[in-house]
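Below: one structure, written as structure tokens.
The values are calculated or read from the model by the stated rules, or taken from the named source; none is laboratory data. Quick caveat, the model's predicted, so the values are computed rather than measured. Ideal geometry is used to build each Cβ from the backbone, glycine not excepted, and the neighbour counts take in all protein chains shown.
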Amino acid sequence: MKKIFTKFSVLTFFCLFLLNAASAQNVTVKGVVKDDTGVTVPSASVIIKGTTNGVQTDANGNYSIIAPANGTLVFTYIGFVTQEIAINNRTTINVDLKTSANDLQQVVVVGYGTQKKVDVTGSISSVKGADIEKFAVTNPISALQGKVPGMTVVNNGAPGSSPVVRLRGISSTKNANPLYVVDGLLQDNIDFLNPNDIETIDLLRDASSTAIYGLRGANGVIAVTTKRAARGKTTVNFQSTVGIQRVVNTIDVTDAAGFKKLYSAQLANTGSAPFDYTNYTANTNWQNEILRDAFINTNSLSISNNGEKSTTLLSLGYNNQDGVVKYNNYKKFIARLNEEIRITDNIKVGADLTGFHWRNEPTSATLNRSLWAAPIVPIQTDANTYYAMPSFQSGQVPNPVAELNRTRNSAINRGYRFNGSVYAEIKFLKDFTLKSTFYTDLGFNNSRGYTPLPFNFIRLGEGAIPTATTFDNAARTEIRQNTFESRKYQQDHTLSYNKELKGGHRINALVGFTSVFASSTTLSGSRRDTTLNVPFDPKFWYLSDNIINANNPTFNGGGGAEESNVGAFARVSYAYNNKYLLNATIRRDGSSRFAPENRWGTFGSIGLGWVASDEDFFKDNIKGIDFLKLRAAWGRLGNSNGVDANLYQQGLATSVVAVFGNNVYPAITTAYFPDPNLRFEIVQGTDIGLEIKALKNRLSTEITYYNKTTDGILTSLTLPGTTKPTFTNLGKITNKGIEFSLGWNDKIGNDFGYNISGNFSYNKNIVNSVGNATNFQILGNGGINVTETGKSIGYFYGYRQTGIYQTSADIASKGAFADSAPGDISYEDVNHDGVISALDRTYLGTPFPPYSYGLNLSMNYKGFDASIEGQGVAGNMIYTQRRTGNFAQLNYESNRLNAWTGAGTSNIEPILNRNRTNNYLFSTYYLEPGDYFRLRNIQLGYTFAANMMKQIGVQKLRVFVSGQNVKTWTKATGYTPEAQIGDILGGGADNGIYPVPAIYSFGLNVTF
């Protein structure tokens, strides 16, 4: 019996062993992934469920993977419903992915995590990296202009410049910039990123979505996710764009003949002697002399590999942009390394490291001077001898070309930045994930500048004054040195729980802790020798005693700051049957910028959603609508942006000095009056939205209403009877508006597809109060802009032009200044007292566009693709401050050719007379509409057939040509109609803005 049992046991064990071996046997599975129209899907992910092992489909949608015969494959691609298919010993599995409703299966970034778009109850928009790559830009944010409702992007054409970004208006008088979050690291900008390294950008616009960021998220959050290695293969990708930048809209100023005509008339109007133009025979277009067609080149090389246990991506970037102003250049070098190691299926560690180096060659030439310089002056006789401006402007306006050439290559600006992170993630008890991440961001900028000796100047004779060549013998060279260092250290620790329960319940919970410490220091100095001159050689451009006399005065300066933020947070997301949605967050946050008793706050949000289209009654009774979701959310958070650290404490400054005997005693005075009750602003917002997908998911629309209020706005003011400022919480601001987007996506047959989309947003900004019991004005730009109760922030405040006084009788019949004369601007008598005075100044408009919109059309046919993008704004005004100069006789803009010369000749342009100072008062005469529509990008591309490319070892090759900013429709007369809104209290002024050029480029994208 024992022998029989033993034999039976051995036989049983052997059978079980064979059964287990059979169940664990691997098979090679191959197949093709297509969409619901039969078109193959490249780069779709095919993953073995329960593991991180997987591959991606090739350019023809083919895949091959080794997997357990009894395993399950998970097929995913952005914009399509995820499918899980059991292998069941099969070796061929072909898949047709179904289009998801409005990309609802797409994952978007939320605070300290991600969430499916279908579960989102706030306002979050996503932009794919592929949409950013279409633009020849060095800053990725520039490419977002017109793509997202509620987002205003104002670009600047200067190489290396950062655009101004506003999300849902302006909620503070001190700082309205959004928070950037790059792979979890909190940032003030993303200048250090290569646009081609971006996978997605998610824009969190409402208070409920940003409340989890506490004191940092009040102005909105822009979350950037960078690219990771593709699964299951080694990939090499190279992208390059080469283009030419051109200023297509120069400012229309008078030529020599026009200038002589107008200046002669002006002299006659003032009773002055005529100017002798005998020696002034030139006709110089100074704008053409300092502007140029400029080169731009962007390059990116990435190498990625995703093996069974590790993932690696190395990316290198090089951007080179010349400015459209001569000798201006910006270079950007970027290296990024991403590594992830999967120790087990439940434990992984990783690191990110980015190195960024920039070089900037600025130009000292100001565009205004090319507008102001008299066109009757020639440029130069040789490399060291230039013509001086005429006597009526020689002391105030230099020769623009001489100024440009004098300072060429006289500055060295370099910057280095290193940021990175290391993290560890552990999954345990099936549904829990613990993750810890440590970040650092280090910046080092240095610059050296040199002021060379001036050139020789020829002063042309005027009347009895002979022509003479002069040189400023008193001029001396000067050296400048500046350094800036910044350090940031951040840590995030989160514990998440993700569980699908029986009965249709799904819950995701998160708790976490975070801290950020940041510091910065600056040092600057300059020195000028009174007897010797430093050579034009960078090796001597240091504040040392090698060349410059040590006894010569040196001017030094410096500064620094430290601050820290600490926060604990929690979030819960709940869904029942994927129809009823709940999102709630809470955060306890503190900032060292404020006194200990005022630095802590508790913030939170709650959002509700209802997917009505999943209800039985909806499915049974409403046809044609595939998806409909209603959502509503409320959030409360703080804002500490824009205020310096420790302003609640007393600050000191040096004052006058006193001499007693042989001793000099400096006086110390208060720098400002501290407010011990200074605290962060409180921001609360409500968001209500409707999302619809209809007509077989081809039509999509989203409508959102929002109302956001900031209470206790941080601002500075000068108290009555003092000259020192105080920083305090003062007043309340509200932004409310609507956002609307509409899209149509369709295919005709298997070869032609197209997409039409647009977005529109309206924002109404109102200052509810300034102060508690006393209302008063906060002035900006010398009183041109005003912030006060009942109006929009920083509105234009001045006189309203009603025409031109034609005759003395005309003056007598209207309100006027006591010294008004025919030919002067006629202003509206706002208070109806019969005279024009300062009391007649009034609201003239806002510098901030209340309306913005964007349009997009894209098409593809076989290997060809084409796209057209446009964007615009409306409702704002631009202050043409460049026209207001009266400190010297300047060149005229062409509108002055229509100046009043007698009764009935003009009802817009006043008489040519610099002594009529009433005409230089700020009024609607100096305002013009800021409305514009711009063809933002036109692109035509071709992707070569995969079969042909495969023969030469290329997986994908696309070439394209594009044009950016090729045409703008506007009534604005400047280089660009994009209103400069960086200055919150004094925005909207055009002082000769650096042009935003058109860019004509060619590029390629090749993958091996």
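Residues that are in a strand (DSSP E or B), in contact (Cβ under 8 Å) with a residue 60 or more places away in the chain and not β-branched (Val, Ile, Thr) within the stretch 489-507 comprise 490, 492, 495, 496, 497, 498, 499, 505, 506, listed in sequence order. If the condition is being of a type in the set (Gly, Ala, Ser), at negative phi and surrounded by 14 or more Cβ atoms within 10 Å (Cβ to Cβ), then the stretch 804-846 contributes 815, 816, 820, 821, 826, 837. A search for C-beta distances below 6 Å between a residue of the stretch 854-873 that is at positive phi and any residue that is not in a strand (DSSP E or B), counting only pairs 6+ apart in sequence or on different chains, returns 862/751.
When the stretch 68-90 is examined, which residues are found to be part of a strand (DSSP E or B), β-branched (Val, Ile, Thr) and at pLDDT 90 or above? Result: 72, 74, 85. Here residue 202 fulfils each of the conditions (1) assigned to a strand (DSSP E or B); (2) closer than 20 Å to residue 311 by Cα; (3) within 22 Å of the chain's Cα centre (by Cα) apart from (2). Looking only at the stretch 225-242, count how many residues are surrounded by fewer than 23 Cβ atoms within 10 Å (Cβ to Cβ) and either part of a strand (DSSP E or B) or at pLDDT 95 or above (or both). Here the count works out to 10. One residue alone among 798, 753 is of a type outside the set (Asp, Glu) and within 30 Å of residue 858 (Cβ to Cβ), and that residue is 753. Of the residues making up the stretch 248-259, not a single one is within 30 Å of residue 42 (Cβ to Cβ) and crowded, with 20+ Cβ neighbours inside 10 Å. Scanning the stretch 673-707 for residues being under 27 Å from residue 743 (Cα atoms), out of contact with any helix residue (DSSP H, G or I) (no Cβ under 7 Å at 6 or more places or on another chain) and not in a strand (DSSP E or B) gives a total of 3. Restricting the search to strands (runs of 3 or more DSSP E) fully inside the stretch 91-177 and requiring at least 1 residues that are free of Cβ contacts under 8 Å to residues at least 40 places away in the same chain gives 107-110, 113-116, 151-154. Comparison of 691, 739 shows that the only residue that is within 24 Å of the chain's Cα centre (by Cα) and within 20 Å of residue 124 (Cα to Cα) is 739. Please tell me if residue 436 is in contact (Cβ under 8 Å) with a residue 12 or more places away in the chain and either under 17 Å from residue 280 (Cα atoms) or buried (at least 18 other Cβ atoms within 10 Å of the Cβ) (or both). In short, no. Test residue 669 against the criterion of being more than 30 Å from residue 220 (Cα to Cα), part of a strand (DSSP E or B), out of contact with any Cys (no Cβ under 6 Å at 6 or more places or on another chain) and among the polar types (S, T, N, Q), and give yes or no. For residue 669, the condition - more than 30 Å from residue 220 (Cα to Cα), part of a strand (DSSP E or B), out of contact with any Cys (no Cβ under 6 Å at 6 or more places or on another chain) and among the polar types (S, T, N, Q) - is met.
Residues are listed down the side, and each one gets a yes or a no for (1) modelled with pLDDT of 95 or more; (2) under 34 Å from the mean Cα position of the chain (by Cα):
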position	(1), (2)
788	no, yes
806	yes, no
812	no, no
818	no, no
822	yes, no
832	no, no
840	yes, no
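When the stretch 884-921 is examined, which residues are found to be buried (at least 19 other Cβ atoms within 10 Å of the Cβ), in contact with a strand residue (DSSP E or B) (Cβ under 6 Å, 6 or more places away or on another chain) and under 13 Å from residue 254 (Cβ atoms)? The answer is 891, and nothing else. Kindly indicate the residue of the stretch 603-619 that is within 29 Å of the chain's Cα centre (by Cα) and not aromatic (Phe, Trp, Tyr) and also surrounded by the fewest Cβ atoms within 10 Å (Cβ to Cβ) among those meeting that condition. Among them, the one singled out is 606.
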